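All remarks here apply to the structure that follows.
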Amino acid sequence: MTRTGAIDAVSDYFDAGQFVSDLAELVAHETESQTPEQAKALPRYLAKALVPRLEALGFDCTIHANPVVGAGPILVAERIEDDALPTLLSYGHGDVIRAQTYQWRDGLHPFRLVEEGDRLYGRGTADNKGQHLINIAALTSVLQTRGALGFNCRFLVEMGEEMGSPGLAAFCEAHKDALAADVLIASDGPRLQPDTPTLFMGARGGVSFDLVVDLRDGAHHSGNWGGLLADPAMILAQALSVITDARGQIRVPEWRPTSLTDDIRAALRDLPVDGETGPSIDPDWGEEDLTPAERVFGWNSFAVLAMKSGVPEAPVNAISARAVAACQLRYVVGTDQADILPSLRRHLDAHGFTAVEIAPHDRGFFDATRLPPGHTWVTFVARSIQETSGKAPHILPNLAGSLPNEVFADILGLPTVWVPHSYRACSQHAPNEHLLKPVARDALRLMAGLFWDIGAGKTPVRG
């Protein structure tokens, strides 16, 4: 009944191959929330893959219909040992991004776990089935070693995160009492480096939209009409050029945040953002007076996700009628989410681009959140992880990507600490998604140690 015993037990679970076997079972569920034909797979994943595991640990489980009609269900599981004990809320999502089956390399399939060397391939291995399985396995190890968790635990698993978490905010607003806790500790996203644990306490927000120039019906011969008809692609390209400059520095005044304060700069100082696990960064891209870490974690970034005018696959000698660019802004705390698109409208109009339409995407996105790096729960989690790993974790004020963290931070009012179990080159949202076995084994040990420490009676004082 020791901390070391719990860590050893979860290490044995991995070394015996049980983690790989359990993950293969989860991956086999074809839970593509963006594919309507897979709608029945979403509740089945909760009922067949997760509920039996959690009930075996003494959790009471309820699968709730989503407040948004047609959106995926939400599982709430809870194990209450004593009302006087601290309560942990954790989170995961069982839905996955589109499978992209025919883009995976030979020998791989998105819904069949394939083990090759240090990699476990399959859709959801990294995002997010492997990550919430690690946390459930770590809870199991602590419970079996100690005979009790030593704290109360609630677990929320949604089936629509890849769709922007429709209904999650409304669900949490309606079930505040049932989801009450002292802290959220959950896992999603990547470590900065595979061999070093990472903590982050929020996420950048994201909003996506189309810029559209639609001038007329049909294309017209470029010889007969060239020089007489406005070219929508040229207009769109010029409009994009006033949103950023040639190196991607944002030119919309309201999109330039004021939240890169001295304490955030200090937290980001010396954090690695380049390395062997991904493409080399472009040092001359982005805000010139910011470090690479400040650009990706402390600032806003604008991206053109796709563009089209005419028929790129088979161009003809004609001036097209329409041009469209799918765009996205990732933004940090300190950006007025409600004014992102209105301020863009004002900016384009001021530069003479009144013909450019802004069309918001239907898919929801998340707001920006951030917990101070010096918060007592951050310090507690970092100390526990360092004790287990022997390494000081990388601590980020917020993830560069987006998560529904505002639901937990703003609606439920919780301090939020995320401990990711993947790495940046995992091909998340792409073909050949995979989880690194050494990272998974290390993460199991870290979380077993952390859950043990939470149950040891030395957690931060309740606020």
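The values are calculated or read from the model by the stated rules, or taken from the named source; none is laboratory data. Because the structure is a prediction, the values reported are computed rather than measured. Glycine gets a Cβ as well: all are built from the backbone with ideal geometry, and neighbour counts include every protein chain shown. For accessibility, only protein heavy atoms count, side chains too; no ligands or nucleic acids. Shrake-Rupley method; radii C 1.70, N 1.55, O 1.52, S 1.80 Å.
Pairs are defined by a Cβ separation below 9 Å, a sequence spacing of at least 6 or placement on different chains, a first member in the range 92-108 that is free of Cβ contacts under 8 Å to residues at least 60 places away in the same chain and within 20 Å of E37 (Cα to Cα), and a second member that is exposed (fewer than 15 other Cβ atoms within 10 Å of the Cβ) and of a type in the set (K, R); no pair meets this definition.
In the set A174, A180, A148, which member is closer than 25 Å to Q337 by Cα and in contact (Cβ under 8 Å) with a residue 60 or more places away in the chain? A174 is the lone residue from the list that is closer than 25 Å to Q337 by Cα and in contact (Cβ under 8 Å) with a residue 60 or more places away in the chain. The residues in the range 309-339 that are surrounded by fewer than 21 Cβ atoms within 10 Å (Cβ to Cβ), in contact (Cβ under 8 Å) with a residue 24 or more places away in the chain and under 20 Å from L236 (Cα atoms) can be counted, and the count is 9.
The residues on offer are A400, A359, and the sole one that is hydrophobic (A, V, I, L, M, F, W, C) and modelled with pLDDT under 95 is A400.
Please find, within the range 261-308, the residue that is surrounded by the most Cβ atoms within 10 Å (Cβ to Cβ) out of those that are of a type in the set (V, I, T) and more than 21 Å from the chain's Cα centre (by Cα). So that I can check it myself, show each step before the final result.
Residues of the range 261-308 of a type in the set (V, I, T): 261, 264, 273, 277, 281, 291, 296, 304.
Filter once more, keeping what is more than 21 Å from the chain's Cα centre (by Cα): 261, 291.
Values: T261: 12, T291: 17.
Among those that are of a type in the set (V, I, T) and more than 21 Å from the chain's Cα centre (by Cα), it is T291.
A24 satisfies every condition listed in (1) small (G, A, S); (2) touching a strand residue (DSSP E or B) at 6+ places or on another chain (Cβ under 9 Å); (3) open to solvent by 40 Å² or more (accessible area, probe 1.4 Å) except (3).
Look at (1) part of a loop (DSSP other than H, G, I, E, B); (2) open to solvent by less than 50 Å² (accessible area, probe 1.4 Å) and you find that S343 fails only one, number (1).
What residue, among those in the range 242-260 that are not in a loop (DSSP other than H, G, I, E, B) and not β-branched (V, I, T), is least open to solvent (accessible area, probe 1.4 Å)? Checking each candidate, the answer is W255. Please determine whether any residue of the range 210-221 is open to solvent by 10 Å² or more (accessible area, probe 1.4 Å) and under 30 Å from A425 (Cα atoms). Yes, the conditions are met somewhere in the range 210-221. Within the option set E81, E115, E173, being part of a loop (DSSP other than H, G, I, E, B) and acidic (D, E) holds for one residue only, E81. The set of residues in the range 64-121 that are closer than 30 Å to A180 by Cα, surrounded by 15 or more Cβ atoms within 10 Å (Cβ to Cβ) and small (G, A, S) comprises A71, G72, A77, S90, G92, G94. Strands (runs of 3 or more DSSP E) fully within the range 353-433 that include at least 2 residues being open to solvent by 20 Å² or more (accessible area, probe 1.4 Å): 357-360, 394-396. Of all the residues in the range 138-170, those that are open to solvent by 10 Å² or more (accessible area, probe 1.4 Å) and part of a helix (DSSP H, G or I) number 9.
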